Amino acid sequence: MKLLVVDDNKGIRLSLKLILESDGHSVIPTGDPRLIPAMLAKGDVDAVILDMNFDNVSLDGAEGLFWLSHIKEIPEPPAVILITAFGEISLAVEAMKYGADDFITKPWNNDELIRKINGAIAKNQRKRTEHRNITDAGRIMLRETERQNMTLDEIKVSHVKATLERCGGNLSLAAERLGINRQTLYNILKKNQ
């Protein structure tokens, strides 16, 4: 699994990198949350471990909540596990209402840390799979509804085009699979351009 660790404390980034890599994860650490969009652009990050505060001035968790909401706006977002100091637990619980998958308190127990991260990733992957299945089912239902309203000629043309596409645009192969000659296939396509 590929994990992005976002924390302004270099020691925490290094500790998390060592612990998580020993569990078989690939870890990308950064101290700058502004890099999050670029690091998530490929869509290959399974989880973001996100600090709630990135400076010593404002300790209200607003930055962490901002980046949490930004990450959760991405289509099929990764799991987000918040890192919080012991006194910020109520803030972390509130953040879970806004999409955080779990939170880890500082200082953490290594076994619990790994369990929470792996659990959040598994839960997130199930949600992503369920979302894809629902989306696919919706597309199938829409196609079927459209197909039910098609005329016989429209169904014929749709079938011919789908067959041609499956044959990689090869007219001879498509005509053979359709049981018609190449000229008839060409005429059907020309008539319905």
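If you go through the stretch 1-46 and keep only what is out of contact with any strand residue (DSSP E or B) (no Cβ under 8 Å at 6 or more places or on another chain), under 18 Å from E112 (Cβ atoms) and not small (G, A, S), you end up with L18, I19, D23.
Cβ separations smaller than 6 Å between residues 6+ apart or across chains give the following pairs from the stretch 154-182 residues that are within 25 Å of R143 (Cα to Cα) and open to solvent by 60 Å² or more (accessible area, probe 1.4 Å) to residues that are among the β-branched types (V, I, T) and modelled with pLDDT of 90 or more: R177/T163. Of the residues making up the stretch 75-87, one or more are more than 24 Å from I134 (Cα to Cα) and assigned to a helix (DSSP H, G or I).
In this structure, is A120 in contact (Cβ under 8 Å) with a residue 60 or more places away in the chain, within 19 Å of I81 (Cα to Cα) and small (G, A, S)? When the stated conditions are applied, A120 passes them. The strands (runs of 3 or more DSSP E) falling completely within the stretch 1-74 that include 1 or more residues that are open to solvent by 50 Å² or more (accessible area, probe 1.4 Å) and of a type in the set (G, A, S) map to 26-30. The conditions of being within 26 Å of the chain's Cα centre (by Cα) and either farther than 27 Å from G43 by Cβ or at pLDDT below 85 (or both) are not met by E144.
The values are calculated or read from the model by the stated rules, or taken from the named source; none is laboratory data. Here the structure is a predicted model, which means the values were calculated and not measured. Positions of Cβ are backbone-derived with ideal geometry, glycine not excepted, and every protein chain shown enters the neighbour counts. Only protein heavy atoms, including side chains, enter the accessible area calculation; ligands, DNA and RNA are left aside. Shrake-Rupley method; radii C 1.70, N 1.55, O 1.52, S 1.80 Å.
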